[in-house]
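**Student:** Quick one: the structure is below, questions incoming.
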Amino acid sequence: SEYTEMLLEEARLGAALHHPNLVEAYDVGYHEGQIFFTMELVRGPELRNIVREAAKVEGRLHPSYAIGIVTGVAAALHHAHELRT
């Protein structure tokens, strides 16, 4: 279907992205009629849990941590948008 092809194309583009702030995508394809893709396993706490715990302790996430997170996300998005296929 068209949706399947769009999904596969997005996964292929994602596999071409290499940046420290992005999870690596290793492979995408079909196996026994099912679409699959494999990605890097990143160990550590989820951002939502970090923010939740900071709110319990300090009432909010400290601005310097928030700025660091947003800067990292922006750097990854910039890298993704600069990708040429």
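The values are calculated or read from the model by the stated rules, or taken from the named source; none is laboratory data. Note that this is a predicted model, so its numbers are computed, not measured. So basically every Cβ, Gly included, is an ideal-geometry build from the backbone, and we count neighbours across all protein chains shown. These area figures cover heavy atoms from the full protein model, side chains too; ligands, DNA and RNA do not enter into them. Shrake-Rupley method; radii C 1.70, N 1.55, O 1.52, S 1.80 Å.
**Student:** I'd like to verify a number: residues in the range 12-27 that are open to solvent by 60 Å² or more (accessible area, probe 1.4 Å) and either of a type in the set (V, I, T) or within 23 Å of E82 (Cβ to Cβ) (or both), how many?
**Tutor:** Within the range 12-27, residues that are open to solvent by 60 Å² or more (accessible area, probe 1.4 Å) and either of a type in the set (V, I, T) or within 23 Å of E82 (Cβ to Cβ) (or both) number 6.
**Student:** If you check Y65, Y30, Y3, which single one turns out to be open to solvent by 100 Å² or more (accessible area, probe 1.4 Å) and either assigned to a strand (DSSP E or B) or in contact with a helix residue (DSSP H, G or I) (Cβ under 6 Å, 6 or more places away or on another chain) (or both)?
**Tutor:** Step by step, each of Y65, Y30, Y3 is checked, and only Y30 is open to solvent by 100 Å² or more (accessible area, probe 1.4 Å) and either assigned to a strand (DSSP E or B) or in contact with a helix residue (DSSP H, G or I) (Cβ under 6 Å, 6 or more places away or on another chain) (or both).
**Student:** Considering only the range 39-61, state which residues are surrounded by 11 or more Cβ atoms within 10 Å (Cβ to Cβ) and either over 15 Å from the mean Cα position of the chain (by Cα) or modelled with pLDDT under 90 (or both).
**Tutor:** Selection gives M39, I50, V51, R52, E53, A54, A55, R60, L61.
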